[in-house]
Amino acid sequence: FQYGLVAGLANAALETYVFRGRAPWTLAHPEPDHESLVPAADASKIEYPKPDGDVVLDVLTAVSLSGTSHDHDEPAHLKLADERVPQNVNLAQFDGPEGRYCPARVYEYVEQEEEQE
């Protein structure tokens, strides 16, 4: 939070307990999110700890404990303006940041097998 920890906690409490998620304002970043990305070649690799079942949980357990509920056949709610960008830009230059947006690993790259004739 750009205004500090105490201001961030106060804002979170105000939005949660007073406005119940309906605050009449939106805090904005000074730049678009995509401008804060650095190419993967210029960043150090993050080594995440292996699940130990106590502090660090595996994905299925963590999602289960979160109380998230949805049908597995729900249609995608995100629409791509250009379907080539995730593969040609995001994965190639930034190592696919979409794979880290969601702790449940909803967004992933799946290699497609080429059709055989």
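The values are calculated or read from the model by the stated rules, or taken from the named source; none is laboratory data. Everything numeric here is computed off the predicted structure, so don't read it as measured data. Here the Cβ is made from the backbone with ideal geometry for all residues, glycine too, and neighbour counts use every protein chain on show. The accessibility values were calculated without ligands, DNA or RNA, using every heavy atom of the protein model including side chains. Shrake-Rupley method; radii C 1.70, N 1.55, O 1.52, S 1.80 Å.
The longest stretch of the chain left intact once loop-based chymotrypsin sites (Phe, Trp or Tyr not before Pro) with at most 13 other Cβ atoms within 10 Å are removed from consideration, loops following DSSP, is 26-100. Short-range pairs are left out: with C-alpha atoms under 8 Å and at least six residues apart, the relative contact order of the chain is 22 percent.
Calculated accessible area for region 1-96 comes out at 90 Å² per residue, all protein chains present (probe 1.4 Å; ligands, DNA, RNA ignored). Per atom type, region 1-54 shows carbon and sulfur on 58% of its accessible surface, probed at 1.4 Å. For the chain, the fraction of C-alpha pairs more than 24 angstrom apart is 55%.
For a Förster distance of 22 Å, can you work out the FRET efficiency between the beta-carbons of residue 31 and residue 82, rounded to the nearest 0.05? Here the calculated transfer efficiency is 0.50. Of the trypsin sites (Lys or Arg not before Pro) found in region 48-104, those in coil by DSSP whose Cβ has at most 14 other Cβ atoms within 10 Å are 79, 84.
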